[in-house]
2 protein chains.
Amino acid sequence: MTKDNETLRIIPLGGLHEIGKNTCVFEYDDEIILLDAGLAFPTDGMHGVNIVLPDMTYLRENSHKIKGMVITHGHEDHIGGIAFHLKQLDIPVMYGPKLALALLAGKLEEAGVSDRTELRTVSPRDIVRFGKHFFVEFIRNTHSIADSFSVAIHTPVGVVIHTGDFKFDHTPVDGEAFDIQRLAEYGEKGVHCLISDSTNAEIPGFTPSERSVFPNLDRVFSQAKGRLLVTTFASSVHRINMILELAEKHGRVVAVVGRSMLNVIAHARTLGYIKCKDDLLQPLHTIHKIPDENVLILTTGSQGEPMSAMTRISKGEHRQVKIREGDTVVFSANPIPGNTIAVVNTIDRLMMLGAKVIYGREHGIHVSGHGCQEDHKLMINLTRPKFFLPVHGEHRMLIKHSQTAQSMGIPAENMVIIDNGDVVELKKDSIRKGEKVPAGIELVDTSRSGMVDQRVLKERQQLAGDGMVTIAASINLDGRLFAKPEMHLRGVVSSVNRDQLQARIQDAIETVLRDRWSEFARTLDKKLEVDWAGLNVQIEREVQRILRRELQSNPLLVFLMQSPEPTAVKNAARQRTPAKVAS
Amino acid sequence: MTKDNETLRIIPLGGLHEIGKNTCVFEYDDEIILLDAGLAFPTDGMHGVNIVLPDMTYLRENSHKIKGMVITHGHEDHIGGIAFHLKQLDIPVMYGPKLALALLAGKLEEAGVSDRTELRTVSPRDIVRFGKHFFVEFIRNTHSIADSFSVAIHTPVGVVIHTGDFKFDHTPVDGEAFDIQRLAEYGEKGVHCLISDSTNAEIPGFTPSERSVFPNLDRVFSQAKGRLLVTTFASSVHRINMILELAEKHGRVVAVVGRSMLNVIAHARTLGYIKCKDDLLQPLHTIHKIPDENVLILTTGSQGEPMSAMTRISKGEHRQVKIREGDTVVFSANPIPGNTIAVVNTIDRLMMLGAKVIYGREHGIHVSGHGCQEDHKLMINLTRPKFFLPVHGEHRMLIKHSQTAQSMGIPAENMVIIDNGDVVELKKDSIRKGEKVPAGIELVDTSRSGMVDQRVLKERQQLAGDGMVTIAASINLDGRLFAKPEMHLRGVVSSVNRDQLQARIQDAIETVLRDRWSEFARTLDKKLEVDWAGLNVQIEREVQRILRRELQSNPLLVFLMQSPEPTAVKNAARQRTPAKVAS
């Protein structure tokens, strides 16, 4: 074996310096396996974008090497990208937990790519093989969604443990304990590298058990007099189980509102992850017949998402659910940073409509699904890795996580802090940051099923910030304006007088025509030859200058120049060569 | 006196259901006094807006009644609107603390409105008179900015105490204690109504003293090896004093960066609110000569504001300050909700450049300037008001504050929860919510010194979300297209083929012309009369329909129709009357 063959290349294409779009490549020799492929949501300024995906250039170029994918759990930031990638990548097989694959199958069907891969369900401690070089063992872990796994990836350079998303929940709601024994066994035998979830690396202590929420929700439910509306993450299967159990205890039927909540509950019930009596769940349109104190409405929208059920309810825009005095609304979720304003605005609107709203940390009605510093220490002590790679977090979280690892005796040179697209070269005796592969982002506008490229985004930002100006000018063959140029302003703020602006633009165009017409128009062989394209560029530049100066901003300019033969102008402008116009 | 004359009308035009643009009107009979006039910053979707002001319609209409303004302290959300209002309102006199008026004077000068009012400085326990009906006493309070006041407003219906912004800081940095004695005296004599700051109404306990930050900053400073960069709110004069004191203690000179920080420090030093030796402060361009361990750079940008010094430093875009390995950056401020993402992104970038960044609550290097629930209780117990009006907060904070007041024995019917523009009618024996005056918002785009009206904002939102399409079509007098219509797309996402779209639009236009030309063009007296305007509307409607269907979105359409006599078309379109074109 050559030295080169002894390098495992680990390439996270997403999930670093961010929370979202977790997508990791493991490459050895001529084989690649993928671990998860998630999506992220757009940040400010990504106008009209609703999904963000990692740049897949590297995988497109190495598509032939892909042996398959490992899926750790069913959250959007781990499986939400797969349907998009299958349109351009050949991923022959995907192994993952039952719940994640059920959710994924729905997405693939919707996108019409069900036949592009094979989904195979795994059980705890199952070992699957990919190609010649990779074996992967699935190790049950505990997280906010049911049926979640860590994985042990056996590679030619050694065993790599990827934690997936986890916390140590010693009293899980579904009784499915973290398989600590298996982790410890790996630790005993020797783990070459630990790749670990850094989400809560800044927070001291242990993350409380999901079960700790139960008595607090119970107290809140027992105090509600009228209808109860409860919102949480649609994927929080454990939380939903507890809410259903408490609904039954307090004599309330449950109506579920919101597409993703209905979808998850349907799949989770079919697979047995959510257990409740059939008559506990009632269709929304029937609950008006039931007394308020016997009703619980379970909805999406815990993050103030604009189109979600809870947001529409708070705006009085939901057709079937109208808030009234006596309603109690429970936010069993904390706002993710960036969503805070949307969430508190929703809470305010609900209060103004007369609802009592229960929200905030002091009620103990939400806990994180990710471990904190003590969970991280326990993970490191169980696995005792030689090398360490913090993932799934923003830069400062990765730094904190690496400091935790160092405090436990892993030398600083045995870990790397990386960004998306960095190639980690893991050898028998070293870890280092190697070359970088393309790792930008791809923006998807699902409502139009199109990709938003950076040019479109930049145009939208300019349009949003400064508006746009359309100017149409007709020019005669004698080099004069045929008429006053037309001007349309959209989204432009200005204290400048409109007519004055139009006059200045006309002046500018006439000045260019007067001073420079002879440069662009020549008579050859009795034919007038006008370089319309060149003239267009000159005039447009001058008009843009006037706009910048007069409006003190930089609106997007659409400049239309017509001559007696408009098609000639247009073609000329495109080809940047002079067009001939009969004199 | 008639019954009507016994009503004090309290009208907050801003500051409710929000944190920002605090502006309150007190009206009795034919007299109005104002309390503060602040600004707010734009929220998402207010493209290109940088300042938000309250709707001043009510004051414009009642400008003749205005006797003057009371200013409680120098924060932007209390004085930032004044320079704008003075352009349209006649406010003869403003009374306020020395520091606030110094900051305000600079703003008025910059806006060229210094001569539009008279600024008069007050000292603690000063009493000023406005018109026939109002006396106001200034009562020293404690807040994050120096020289801050609560006020007792003597009105014909009784004494109204407005707390301004406050917390009870028993060990203030400047030794200027809250004048609790005076509050207690008012409580003893009888306070008719308490109007109180609700910012931290959701948080239990007392807000710690500003001084509690000192030992924690001291510890952080003592651990810094290289340069120290510290950011906090420019207006936090007490904090800045402590930072300067600690810089001296640790043998560091201080270079100040950022316009607002330089401005506040200059004024505060002149007035004696900031005390430090002259040679402690050094110009930024000289500090490269000083060893790293003897340098402290004090900057703006604690909220991740896009154009602030710290943000530019973190992006490597600041000309004079480049981050290097060994720098320690201290965020002595917590992110205001809505700024979290900007702040953590700044922190991440600083870390990536090699800085050690100290941030977050656990370091104890920031405390709020606003009181929590126990401060609120103490305020209520000191003043023992008959009526209670919670202000300065979002809706849920007002609710919580009113619950605190109720828990102390003030009956629910003696308080009102109001929104901006609600008129509170305070009488001898009642408080109620009366009519509503206009209380929307006015959006300012300061870089273009123009107001952004709702139409412009809506256009910008449409442009940002869906982009725009410009289509130009030339139509002959025979009712046919002169050439293929021109089409420009900007910021439009589409998987639709461009040429195909253009062909469909051409089809649509030709169909309208074929089917309906005869409706719009008639020959009268041998002259062809074309209703270009009517035709324009028809075609534009059809084109918009095609765009919506083909692009599955609703871009802004600019439709330009030319005929052989373009001016005629344009005028026709504007006047909506048929233009005559010679046949």
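Among (1) crowded, with 17+ Cβ neighbours inside 10 Å; (2) more than 10 Å from chain A (Cβ to nearest Cβ), there is one condition residue B:440 misses while meeting the rest; what is its number?
(1) is the only condition that residue B:440 fails.
Return yes or no: is residue A:65 away from chain B (no Cβ under 14 Å), open to solvent by 20 Å² or more (accessible area, probe 1.4 Å) and touching a strand residue (DSSP E or B) at 6+ places or on another chain (Cβ under 8 Å)? Don't jump to the end; show me each part of the working.
Working: away from chain B (no Cβ under 14 Å): yes; open to solvent by 20 Å² or more (accessible area, probe 1.4 Å): yes; touching a strand residue (DSSP E or B) at 6+ places or on another chain (Cβ under 8 Å): yes.
Judged against the criteria, residue A:65 is a match.
Can residue B:393 be described as open to solvent by less than 10 Å² (accessible area, probe 1.4 Å) and within 14 Å of another protein chain (Cβ to nearest Cβ)? Spell out the reasoning first.
Working: open to solvent by less than 10 Å² (accessible area, probe 1.4 Å): yes; within 14 Å of another protein chain (Cβ to nearest Cβ): yes.
Taking the combined requirement at face value, the residue satisfies it.
Taking only the range B:194-209 into account, find how many residues are in contact with a helix residue (DSSP H, G or I) (Cβ under 9 Å, 6 or more places away or on another chain) and under 28 Å from residue B:425 (Cβ atoms). So that I can check it myself, show each step before the final result.
At the first step, the residues of the range B:194-209 found to be in contact with a helix residue (DSSP H, G or I) (Cβ under 9 Å, 6 or more places away or on another chain) are B:194, B:196-207.
With the extra rule that they be under 28 Å from residue B:425 (Cβ atoms), the set shrinks to B:194, B:196-199, B:201.
Total meeting the criteria: 6.
Please go through the range B:84-107 and pick out each residue that is under 15 Å from residue B:23 (Cβ atoms) and either open to solvent by 10 Å² or more (accessible area, probe 1.4 Å) or over 19 Å from the mean Cα position of the chain (by Cα) (or both).
Of everything in the range B:84-107, those that are under 15 Å from residue B:23 (Cβ atoms) and either open to solvent by 10 Å² or more (accessible area, probe 1.4 Å) or over 19 Å from the mean Cα position of the chain (by Cα) (or both) turn out to be B:84, B:88, B:89, B:91, B:94, B:96.
Is it the case, given these coordinates, that residue A:51 is modelled with pLDDT of 95 or more and not hydroxyl-bearing (Ser, Thr, Tyr)? Explain how you work it out, then say what you get.
Numbers: modelled with pLDDT of 95 or more: no; not hydroxyl-bearing (Ser, Thr, Tyr): yes.
The answer is no for residue A:51.
Looking only at the range B:489-506, filter to residues that are in contact with a Leu (Cβ under 9 Å, 6 or more places away or on another chain) and at pLDDT below 85; which one of those is nearest to residue B:530 (Cα to Cα)? Step through it out loud before you land on a result.
Of the range B:489-506, the ones in contact with a Leu (Cβ under 9 Å, 6 or more places away or on another chain) are B:489-494, B:496, B:498, B:501, B:505-506.
Subset that is at pLDDT below 85: B:489-494, B:496, B:498.
Numbers: B:489: 30, B:490: 32, B:491: 35, B:492: 34, B:493: 37, B:494: 36, B:496: 35, B:498: 32 Å.
This residue is B:489.
Please determine whether any residue of the range B:350-364 is within 10 Å of chain A (Cβ to nearest Cβ), part of a helix (DSSP H, G or I) and buried (at least 18 other Cβ atoms within 10 Å of the Cβ). Spell out how you get there, then give the answer.
Taking the range B:350-364 first, the residues within 10 Å of chain A (Cβ to nearest Cβ) are B:350-352, B:356-357, B:359-360, B:362.
Then keep just the ones that are part of a helix (DSSP H, G or I); that gives B:350-352, B:362.
Restricting the remaining residues to those that are buried (at least 18 other Cβ atoms within 10 Å of the Cβ) gives B:350-351.
Checked the range B:350-364: at least one residue is within 10 Å of chain A (Cβ to nearest Cβ), part of a helix (DSSP H, G or I) and buried (at least 18 other Cβ atoms within 10 Å of the Cβ).
Just to verify a result, which residue in the range A:481-491, among those that are within 7 Å of chain B (Cβ to nearest Cβ) and under 17 Å from residue B:464 (Cα atoms), is least open to solvent (accessible area, probe 1.4 Å)?
The residue in question is A:491.
Here is a yes/no grid of residues against (1) at pLDDT 95 or above; (2) under 29 Å from the mean Cα position of the chain (by Cα):
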| residue | (1), (2) |
| --- | --- |
| B:219 | yes, no |
| B:241 | yes, yes |
| B:251 | yes, no |
| B:259 | no, yes |
| B:292 | yes, no |
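Mind listing just one residue for me: the one in the range A:81-99 that is in a helix (DSSP H, G or I) and not hydrophobic (A, V, I, L, M, F, W, C) and, of those, nearest to the other protein chains (Cβ to nearest Cβ)?
In the first step, residues of the range A:81-99 are kept if they are in a helix (DSSP H, G or I); the result is A:82-85, A:98-99.
Subsequent filtering for residues that are not hydrophobic (A, V, I, L, M, F, W, C) retains A:85, A:98.
Working: A:85: 17, A:98: 34 Å.
Per the stated criteria, the residue is A:85.
So residue B:343 passes all but one of these: (1) under 30 Å from residue B:148 (Cα atoms); (2) in contact (Cβ under 8 Å) with a residue 60 or more places away in the chain; (3) part of a helix (DSSP H, G or I). Which condition number does it fail?
(2)
Does residue A:103 fit the bill of being touching a Gly at 6+ places or on another chain (Cβ under 8 Å) and closer than 28 Å to residue A:200 by Cβ?
Numbers: touching a Gly at 6+ places or on another chain (Cβ under 8 Å): yes; closer than 28 Å to residue A:200 by Cβ: yes.
Yes: the conditions hold for residue A:103.
For residue A:335, all conditions in the list (1) open to solvent by 20 Å² or more (accessible area, probe 1.4 Å); (2) in contact (Cβ under 8 Å) with a residue 40 or more places away in the chain; (3) within 14 Å of another protein chain (Cβ to nearest Cβ) hold save one; what is the number of the exception?
The failed condition is (2).
What is the residue count in the range A:167-205 for residues that are within 30 Å of the chain's Cα centre (by Cα), closer than 30 Å to residue A:249 by Cα and either touching a residue at least 40 places away in the same chain (Cβ under 8 Å) or open to solvent by 20 Å² or more (accessible area, probe 1.4 Å) (or both)?
The number of residues fulfilling the criteria is 8.
Please verify whether residue B:485 is in contact (Cβ under 8 Å) with a residue 12 or more places away in the chain and within 30 Å of residue B:107 (Cα to Cα), treating the condition exactly as stated. I'd like the intermediate steps shown before the answer.
Working: in contact (Cβ under 8 Å) with a residue 12 or more places away in the chain: yes; within 30 Å of residue B:107 (Cα to Cα): no.
In short, no.
Of the residues B:296, B:280, only one is at pLDDT 95 or above, away from every other protein chain (no Cβ under 14 Å) and over 16 Å from residue B:224 (Cβ atoms); which?
Numbers: B:296 fails: over 16 Å from residue B:224 (Cβ atoms).
Going through B:296, B:280 in turn, just one is at pLDDT 95 or above, away from every other protein chain (no Cβ under 14 Å) and over 16 Å from residue B:224 (Cβ atoms): B:280.
Let me confirm something: among A:471, A:509, which residue is away from chain B (no Cβ under 12 Å), at pLDDT 80 or above and under 27 Å from residue A:561 (Cα atoms)? Spell out how you get there, then give the answer.
On the way: A:471 fails: away from chain B (no Cβ under 12 Å).
Only one candidate passes the filter, namely A:509.
What number goes with the only condition from (1) in contact with a Phe, Trp or Tyr (Cβ under 9 Å, 6 or more places away or on another chain); (2) away from chain A (no Cβ under 14 Å) that residue B:346 does not pass?
Failing condition for residue B:346: (2).
Can you tell which of B:429, B:419, B:478 is facing chain A (nearest Cβ under 9 Å) and surrounded by fewer than 17 Cβ atoms within 10 Å (Cβ to Cβ)?
Details: B:429 fails: facing chain A (nearest Cβ under 9 Å); B:478 fails: facing chain A (nearest Cβ under 9 Å).
From the options B:429, B:419, B:478, the qualifying one is B:419.
This table checks each residue for (1) outside any strand (DSSP E or B); (2) buried (at least 22 other Cβ atoms within 10 Å of the Cβ).
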| residue | (1), (2) |
| --- | --- |
| B:109 | yes, no |
| B:119 | no, no |
| B:124 | yes, no |
| B:132 | yes, no |
| B:136 | no, yes |
| B:140 | no, no |
| B:145 | yes, yes |
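Strands (runs of 3 or more DSSP E) wholly in the range B:1-80 with at least 1 residues that are closer than 22 Å to residue B:139 by Cβ and of a type in the set (Gly, Ala, Ser) - which ones? I'd like the intermediate steps shown before the answer.
Working: elements: B:8-14, B:23-28, B:31-37, B:51-54, B:66-70.
In the range B:1-80, B:31-37, B:66-70 are the strands (runs of 3 or more DSSP E) which contain 1 or more residues that are closer than 22 Å to residue B:139 by Cβ and of a type in the set (Gly, Ala, Ser).
Do you know which residues across the range B:499-552 are more than 15 Å from residue B:472 (Cα to Cα), buried (at least 18 other Cβ atoms within 10 Å of the Cβ) and aromatic (Phe, Trp, Tyr)?
Once the filter is applied, which keeps residues that are more than 15 Å from residue B:472 (Cα to Cα), buried (at least 18 other Cβ atoms within 10 Å of the Cβ) and aromatic (Phe, Trp, Tyr), the range B:499-552 yields only B:520.
When only residues in the range B:206-250 that are in a loop (DSSP other than H, G, I, E, B) and open to solvent by 40 Å² or more (accessible area, probe 1.4 Å) count, which is farthest from residue B:282 (Cα to Cα)? Break it down stepwise before answering.
Narrowing the range B:206-250 to residues in a loop (DSSP other than H, G, I, E, B): B:206-209, B:224-227, B:232-236, B:250.
Next cut, open to solvent by 40 Å² or more (accessible area, probe 1.4 Å) only: B:206, B:208, B:225, B:233, B:250.
On the way: B:206: 38, B:208: 32, B:225: 20, B:233: 20, B:250: 16 Å.
The qualifying residue farthest from residue B:282 (Cα to Cα) is B:206.
The values are calculated or read from the model by the stated rules, or taken from the named source; none is laboratory data. Keep in mind it's a predicted model, so treat the numbers as computed, not measured. Glycine also receives a Cβ, built like all others from the backbone with ideal geometry; neighbour counts cover every protein chain displayed. Side chains are part of the model used for accessible areas, which takes the heavy atoms of the whole protein and leaves out ligands, DNA and RNA. Shrake-Rupley method; radii C 1.70, N 1.55, O 1.52, S 1.80 Å.
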